[in-house]
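For reference, the structure is listed below as structure tokens.
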Amino acid sequence: MAHGHAHTHEHGHAHGHALPAPEQVNKAFIIGIALNLIFVLVEAAAGFWYDSLALLSDAGHNLSDVISLVLALLAFRMAKVKPNSRYTYGYKKSTVLVSLLNAIILLVAVGIILAESIEKLRNPQPIAGGVIAWVAGVGILINAFTAFLFLKDKERDLNIKGAYLHLMADALVSVGVVISGVIISYTHWYIIDPIIGIAIAIVILVSTWNLLRDSLRLSLDGVPAGISAEKIRKLLLQVDGVREIHHLHIWALSTTQNALTAHVVVASLEDGEAVKNRIKEILSEEHIPHATLELETAAECCTDRTD
């Protein structure tokens, strides 16, 4: 069994890539936080100076970005903390909670944008379109560049995906603000500003929905996306010597690591070690590196079959 366990701890998670390299991810987060924080300060200052609600709300949205990047970096660091007697899995689950919090922050941002846009639809305000376009143009560059830093690793971890979605959503917001700024400069149709705000909010809402659903599922110890409990059961039943599988539970230890527990009914306990090793090899290939298996014979099969 020692061999089987060692083999399965080397890699694995829901999407089947290697884990993101910590140095690269750390660097990406730190660059992203610094760039976005500077931009928030500049944009907020311009917003106050020119009395532009568009720039101020965009700065607020960008600030939610910085917060989400800081949270994701914190979760990434916490996942590396070694387990102890009180937290026997370490703090891996914090990555799931942070991705859930991130999704909630995005939804709050959507709510604020919608509320402000509706207010502006009722009461359009004259604004300086040219300045808005220039400031938001810088925002597109900063958000797109930072999002690019996370592009490679976004499918490997829910938090990195959350950061990427935040940044791409912000780049879109800035594109919208630029377009509205240019149109307002030439036509003085101030109503364009809230209309684009509403369109952007809908785009963010759609992209956030999957993040919210996935992180909520992992928070509730659901089977991670990309893994089918039925498929796993069928694969394990094909192993020589396995008669039945029950009490099968699959859940996520973190946004990148999955675990499984199961009762395995075997023909004979003499082959137990070989059966365990084979099962662990299969699970490793299916991106479940942590498996706890209880072997039993048909004669001693447990009677409590409620779960």
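Of the residues His246, Met168, Gly139, the one whose Cα sits farthest towards the positive end of the charge dipole of the chain is Gly139 (charges of +1 on Lys and Arg Cβ, -1 on Asp and Glu Cβ, taken about the Cα centre).
Solvent exposure of the chain, expressed per residue, is 50 Å² of accessible area, with all protein chains present and a 1.4 angstrom probe.
The accessible surface of the chain, taken with every protein chain in place and a 1.4 Å probe, is 66 percent carbon and sulfur.
With a/c under 1.5 counting as rounded, go ahead and sort region 69-142 into rounded, prolate or oblate using the C-alpha gyration tensor (a ≥ b ≥ c being the square roots of the eigenvalues; past the cut-off, prolate if a/b is larger than b/c, else oblate).
oblate
Between Leu107 and Arg213, the contour length at 0.36 nm per residue exceeds the Cα-Cα span by 36.9 nm.
Out of every Cα-Cα pair in region 74-231, what percent are more than 21 Å apart? Present the calculation step by step, with values, prior to reporting the outcome.
Working: 6888 of 12403 pairs.
Counting every Cα pair in region 74-231, those more than 21 Å apart make up 56 percent.
If both residues of a DSSP beta bridge must be in the chain, then about 50% of such bridges are antiparallel.
The phi-based Karplus calculation (6.51 cos²θ - 1.76 cosθ + 1.60; θ = phi - 60°) puts the 3J(HN,Hα) values of region 272-277 at x, 4, 5, 4, 4, 4 Hz, whole numbers, x for Gly and Pro. Amide hydrogen proximity for Thr255: with H placed 1.01 Å from N in the peptide plane, the residues at 5 or more positions away or on another chain lying under 5 Å are Thr95, Val96. Remark on Leu295: its backbone amide H falls under 5 Å from those of Val264, a criterion applied only to residues 5 or more positions apart or on other chains, H modelled at 1.01 Å from N.
Size of the dipole of region 200-252 about the Cα centre, Lys and Arg at +1 and Asp and Glu at -1 on the beta carbon, nothing else charged, in debye to 20? Before the final figure, lay out the partial values.
Values: 6 positive and 5 negative charges, 18 e Å.
Charge dipole, region 200-252, about its Cα centre: 80 debye, nearest 20.
The count of lysine pairs in the chain whose Cα atoms are under 24 Å apart, excluding pairs fewer than 8 places apart on the same chain, comes to 29. Working note: Karplus 6.51/-1.76/1.60 with θ = phi - 60° gives region 182-196 the couplings 5, 4, 5, 4, 8, 10, 6, 7, 5, 5, 4, 3, x, 4, 5 Hz, where Gly and Pro are set to x. With the whole protein complex present, Trp189 retains an accessible surface near 150 Å², based on a 1.4 Å probe.
How fast does the chain diffuse by Stokes-Einstein, in µm²/s, taking the Kirkwood radius from C-alpha pairs at 4 °C and 1.567 mPa s?
Values: Rh = 21.7 Å.
D = 60 µm²/s.
If the chain between Asn26 and Glu273 were fully stretched, how many nm would it gain, using 0.36 nm times the residue separation less the Cα-Cα distance? Write down the numbers at each step before the final one.
On the way: separation 247, 0.36 × 247 = 88.92 nm, distance 4.06 nm.
Here the segment from Asn26 to Glu273 would lengthen by 84.9 nm.
The values are calculated or read from the model by the stated rules, or taken from the named source; none is laboratory data. Note that the structure is a prediction, hence the values are computed from the model and not measured. Note that we place each Cβ from the backbone using ideal geometry, even for glycine, and neighbour counts take in every protein chain shown. Ligands, DNA and RNA are stripped out before the accessible areas are found, and what is left, the full protein with its side chains, is counted by its heavy atoms. Shrake-Rupley method; radii C 1.70, N 1.55, O 1.52, S 1.80 Å.
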